[in-house]
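The values are calculated or read from the model by the stated rules, or taken from the named source; none is laboratory data. This structure is a prediction, so every number in the text was calculated from the model and none was measured. All Cβ positions, even for glycine, are placed from backbone atoms using ideal geometry, and neighbour counts span all protein chains on display. Surface areas here come from the heavy atoms of the whole protein model, side chains and all, with no ligands, DNA or RNA. Shrake-Rupley method; radii C 1.70, N 1.55, O 1.52, S 1.80 Å.
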Amino acid sequence: MSAPLPTVEDQRDTATFEALMWAMARPGTIHDLPEGLSDLILALVDRECKVMVDDPALARLVATTGATLVSASLADHAFCLSADRALAVLTALPGGSALYPDQGATLVLPARLGQGPALRLSGPGVDGTCDVRIGGLPDGFLAARAARCRYPEGIEIAFVDGRRVMGLPRSTTVKVL
Amino acid sequence: MAYVATRGGERAIEQAERLYRQEMGQITADRVAGLRHALPLLVDRVMGEASLYDPDLAALALAQSGGDLYEAVLLLRAWRTTQPRIAIAAPVRLEELFTHRRISAAFKDIPGGQILGPTLDYAHRLLATEVLEGTPFTPPPVDPAAHPAPAHQPSLAAWQKAEGLVADRPSAPIAPDDIPDVTREPLLFPAARAHTLQSLARADTGGVLALGYAAMRGYGNAHPTVNELRLAEAEVMVRHPSGASFSAGRVKVSQAEVTSKGKSGLLELGFCATFGWNEVKVIAGATLDLNAPGAEKGSAVEEEFVLYHTEPVEASGFCIHFKLPHYVTFQSSLDALRGAKAAQPATEEVPA
Amino acid sequence: MTLATLTRPWAAMSYGFLDASAKREMRRKIIKAIAVPGCQMPYASREVPIARGWGTGGLQVTLTLIKPASVVKVIDQGADDSVNAASIRRFLSRVSGAAETWDTLEATILQSRHRIPEERLRDDQVLVLQVPNPEPLRPVQPNMSIARQMHADADYGRLWLVLYEQMVRSGRIVQGAAYPSLVNGRHVMTPSPIPRWDVPKLHMAHHLTLLSAGREKRLYAVPPFTRVEPLVFSDVPYQVEDHAGLTCHRSGLSGVFMNEIPQDSGGSVFEASDSNLGIKAIRQAEGEATKIGPMWYENGELRP
């Protein structure tokens, strides 16, 4: 028996996940997605998921996965293109519980990596500290995140800038410099 | 290179597998078909535990495993993993079952009637040894009843509910497509009702019997009466993307409902259903379901205890995994043990 | 829409065996596991073509990560050619076309049962540990629902008590392998039944470790640069196996974890448990050009 070959979808999804996995395992580092934000939808969600999305085109893509479209307070994954809404979504998303930390949601949103305020990250995955810049976030976003991340409860955030992705798991401490 | 020479694991496993398969001999489509027709109840049992309804594949699994049921179930479950899900069938309603056999021990007669159907219950279990001496056993023909029993039968519990005798389990309405699936999400406790019933449906027949029997002997709180036992066929109704509903075929199912008087003064019900015809499993499973509510943590009828320990693939796999080498863990324990021995004299000097 | 749009052409097997939906679930859970180091995340755990208890958890993680460019190393008790390791490695390459290796330095994914290689893992490597029992509280609480509540409350008192009782009774902690360890200062995990020798290799490591129990359906992770602290009393230091002074009778290696081989004449000889490291050492001694990477332990001492 010869080994099966990955389909184009297999390759894209595996590459997407590899980028996201390392982004979450090493907060502050930047990894490349095959195409962009929509890759994350295809690699992560399907009919077992409840998804919040604020963009009609992305909503159509999510619908093809079989996932149920819901409001942020019920979602396990949120894809929020509008910076105006990001704060409300972050505040509403489930953060899990000490009993079930896995029920904390994953939030994907666009950002400008390498621009904006300087931040100092520390925590698991970071060798000491790591300084990054994340732009395009609404005011108060990081404070709201800190309030939502009552470890081990919390929310994972993937910032996407074109094809680039940076991860911010709940275990990361962020200090605004 | 001497290091490698003494091991040679790759060749060993290859030859060990060949040795096993050599014993089984050639597997042909005819042999598989023969097994399917000769051993329908074994095929049913394997399909139930595999939670995969396909008598041909089940017979193939039996042929490949030489009848080792745990191996056969694992083969089918692993194959099941690779299959995409293309539709979700509509829930099966009791009244819609095409019923072959339906009995109740709770009443002498019941609405719809007692239907014995095919059973060995009242047969004398005598071996037909003449077969081995060359005289084939030919089953005597069945004399059909003057009036065939109706194919569809009402539910006895529905009558009991109408009479106000049965305590209804609290249930939240759920859309058929949203019923949780234990093969696609983890089993957590307290378990979703669907997860409990699915786990029992997939459970090891022998394991369910052992624990169910323990409950029946008195290790449970409730003594079961068989309210209704059915062997039936169910239509698998699926929806075409165009919206039309159609039958994708029929599957054999068995189900049991057992009852006992609960603390509330009403009857309580325990339920179990599975693919294929397997009466022992559904009666024992329903007994466990009846006993689970309120059972003490860690008791032999508590839900977590029952569902974890009757999972055939997990239980058998873990059992045989003890054949794997464990010399690293053993070495680590040995080191701690020697260390403790060396430390011992010092502690003995401590006054008591 | 037709039925055909919902399905796909029949294929005997998906790439990497697991279907797309199974992989998506694994991906979602791996992300959560990384986000809360050491915390057991429940997952559905599909059946795979090897028996439960034989590495099905590790296998599902590896199958999720694997691609044709991957290079996989599989070890059982430290050995690449032990029968179960050989079987899993053969399955992995059969369903993915990934390359196989015995060399720790060449591997991109290392799946292991009961050992962590002696050569340091790099930041581009993923270690997948097979876990038989993911619950460090099992010895004090077999009921998983109660144990979950204890993790939620960070209620590890009974675990400490067990270690304390061992100290009192035996003069030392007699826990062998699978030494319970506090991860990121919050969750106690079992590092899988690796010897105590290997636990410090997880602390502030460069590589990513994913631990997966297929039968028990739990997955957890130790990201790089994460604190992994064996539970010890402040006045009783953590003790690894007393192997620092032993020498491998085949390769001459010392300062590594050893297998003890009892002798007919009484007593024992020792051989390096990391079998491919032993092979490389022999090759080097025979003058072959073989690279041995930096080691976690040097002269029997853990290097910072």
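Just one residue in the set A:Asp46, A:Asp102, A:Asp76, A:Asp84 is open to solvent by 30 Å² or more (accessible area, probe 1.4 Å) and within 23 Å of C:Thr64 (Cβ to Cβ); that residue is A:Asp76.
Please work out if C:Val222 is closer than 27 Å to A:Gly128 by Cα and in contact (Cβ under 8 Å) with a residue 12 or more places away in the chain.
Here the answer is yes, as C:Val222 does meet what is asked.
Filtered by the rule that a residue be within 7 Å of chain A (Cβ to nearest Cβ), open to solvent by less than 10 Å² (accessible area, probe 1.4 Å) and either hydroxyl-bearing (Ser, Thr, Tyr) or in contact with a Pro (Cβ under 9 Å, 6 or more places away or on another chain) (or both), the stretch C:16-31 gives a lone residue, C:Ile31.
Set side by side, the residues C:Pro49, C:Pro42 differ, and just one is facing another protein chain (nearest Cβ under 7 Å), more than 22 Å from A:Thr173 (Cα to Cα) and at pLDDT below 95, which is C:Pro49. Apart from one condition, C:Leu137 fits all of (1) within 11 Å of another protein chain (Cβ to nearest Cβ); (2) surrounded by fewer than 24 Cβ atoms within 10 Å (Cβ to Cβ); (3) hydrophobic (A, V, I, L, M, F, W, C); the exception is (1). In the set (1) under 30 Å from C:Val126 (Cα atoms); (2) away from chain C (no Cβ under 11 Å); (3) under 14 Å from the mean Cα position of the chain (by Cα), A:Cys80 fails one condition alone, (1). As a summary of the residue check, C:Arg158 satisfies the conditions (1) within 12 Å of chain B (Cβ to nearest Cβ); (2) open to solvent by 30 Å² or more (accessible area, probe 1.4 Å) except for the one numbered (1).
Suppose we keep only residues that are surrounded by fewer than 19 Cβ atoms within 10 Å (Cβ to Cβ) and at negative phi within the stretch A:19-37. Which one would you say is farthest from the other protein chains (Cβ to nearest Cβ)? Among them, the one singled out is A:Glu35. Filter the stretch B:106-122 for residues that are part of a loop (DSSP other than H, G, I, E, B) and surrounded by 15 or more Cβ atoms within 10 Å (Cβ to Cβ) and give the result. Passing the criteria: B:Ala106, B:Ile110, B:Gly112, B:Gln114, B:Gly117. Within the group B:Val226, B:Val236, B:Val258, which residue is surrounded by fewer than 21 Cβ atoms within 10 Å (Cβ to Cβ) and touching a Gly at 6+ places or on another chain (Cβ under 7 Å)? From the options B:Val226, B:Val236, B:Val258, the qualifying one is B:Val236. Here the stretch C:56-78 is the region considered, the condition is being part of a loop (DSSP other than H, G, I, E, B) and open to solvent by 10 Å² or more (accessible area, probe 1.4 Å), and the residue that is nearest to the other protein chains (Cβ to nearest Cβ) is C:Lys67.
Listed here are the residues, each with its yes/no results for (1) without any contact (Cβ under 8 Å) to a residue 60 or more places away in the chain; (2) at the interface with chain C (Cβ under 10 Å from one of its Cβ atoms).
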residue	(1), (2)
A:Pro110	no, no
A:Pro117	no, no
A:Leu121	no, no
A:Arg133	yes, no
A:Asp139	yes, no
A:Pro169	no, yes
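When C:Val168 is tested against (1) at pLDDT 95 or above; (2) open to solvent by 10 Å² or more (accessible area, probe 1.4 Å); (3) not in a strand (DSSP E or B), exactly one condition is not met: (1). The residue of the stretch B:276-330 that is surrounded by the most Cβ atoms within 10 Å (Cβ to Cβ), among those that are within 13 Å of chain C (Cβ to nearest Cβ) and among the hydroxyl-bearing types (Ser, Thr, Tyr), is B:Ser316. Scanning the stretch C:191-217 for residues that are open to solvent by less than 10 Å² (accessible area, probe 1.4 Å) and not hydrophobic (A, V, I, L, M, F, W, C) turns up C:Pro191, C:Ser192, C:Pro195, C:Arg196, C:Asp198, C:Lys201, C:His207, C:Thr209, C:Ser212, C:Gly214.
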